[in-house]
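Single-structure report; data block below.
The values are calculated or read from the model by the stated rules, or taken from the named source; none is laboratory data. Predicted, not measured: the structure shown is a model, and the values here were computed from it. Just the protein is used for accessible areas: all its heavy atoms, side chains included, with ligands, DNA and RNA removed. Shrake-Rupley method; radii C 1.70, N 1.55, O 1.52, S 1.80 Å.
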Amino acid sequence: MASLKVGNLGEFLREQRRSARLSLRQLSEAAGVSNPYLSQIERGLRKPSAEILQQLAKALRISAETLYVQAGILDERDRDEVEVKSAIMTDPSINERQKQVLIQIYESFRRENGHAADAGDTTDAPGGAPAAPPSAPSSDSRAGSPAGAGDDGDSGEAKQPS
């Protein structure tokens, strides 16, 4: 049961805080939780909510899923898939469409390798292929694409006469 892991969570948090060279007070301020409450969590006296764990993870610059596993909220075997999807969804350098395509490709590879996909899977295009490869031109504007991408006259597409 999750409550049996609370002590382990506290020890883990303390180790992470010390590795980050943060005092209890610094972490509590960065995470937006009270100093006494954080102390109680570290000593295994309190069980934080998923929201508090997320705030602590952000302040420690570690994945929230890692803390969820330590707290017994998330099963260890689900962690890898969740962390990959989380990394994709929080990457500010790619747009929403690219994020969805990457997740579709990732899920496709997991299915191909025999891993069960979760119920929230997105539907693939016919033939089991992802809806569109990440490098394929789309109807979106080309703003944000690498310099010169697709506009060098050598895109492989036939040019229509003007």
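Heavy-atom accessible area, probed at 1.4 angstrom with all protein chains present, ranks E11, E65, E112 as E112, E11, E65, highest first.
Given H placed on each backbone N at 1.01 Å, which residues far from R46 in sequence or on other chains put an amide H within less than 5 Å of it? Close amide H contacts, sequence-distant or interchain: I41.
Our estimate of slack between I62 and L24, defined as 0.36 nm per intervening residue step minus the Cα-Cα distance, is 12.0 nm. A simple rule links phi to the HN-Hα coupling: the Karplus curve 6.51 cos²θ - 1.76 cosθ + 1.60 with θ = phi - 60°, which for the range 88-104 gives 5, 5, 9, 6, x, 8, 10, 7, 4, 4, 5, 4, 5, 5, 4, 5, 4 Hz, with x for Gly and Pro. The order of K85, K58, K99 by accessible area, most exposed first and with a 1.4 Å probe, is K58, K85, K99. Using a ≥ b ≥ c from the Cα gyration tensor of the range 14-115 (square roots of the eigenvalues), is it rounded, prolate or oblate, where a/c under 1.5 gives rounded and otherwise the larger of a/b and b/c decides, a/b for prolate? Note, shape of the range 14-115 comes out prolate.
With every protein chain kept in the model, how would you rank I94, I41 by accessible area, 1.4 Å probe, largest at the top?
Numbers: I94 40, I41 0 Å².
Most to least solvent-accessible, the answer reads I94, I41.
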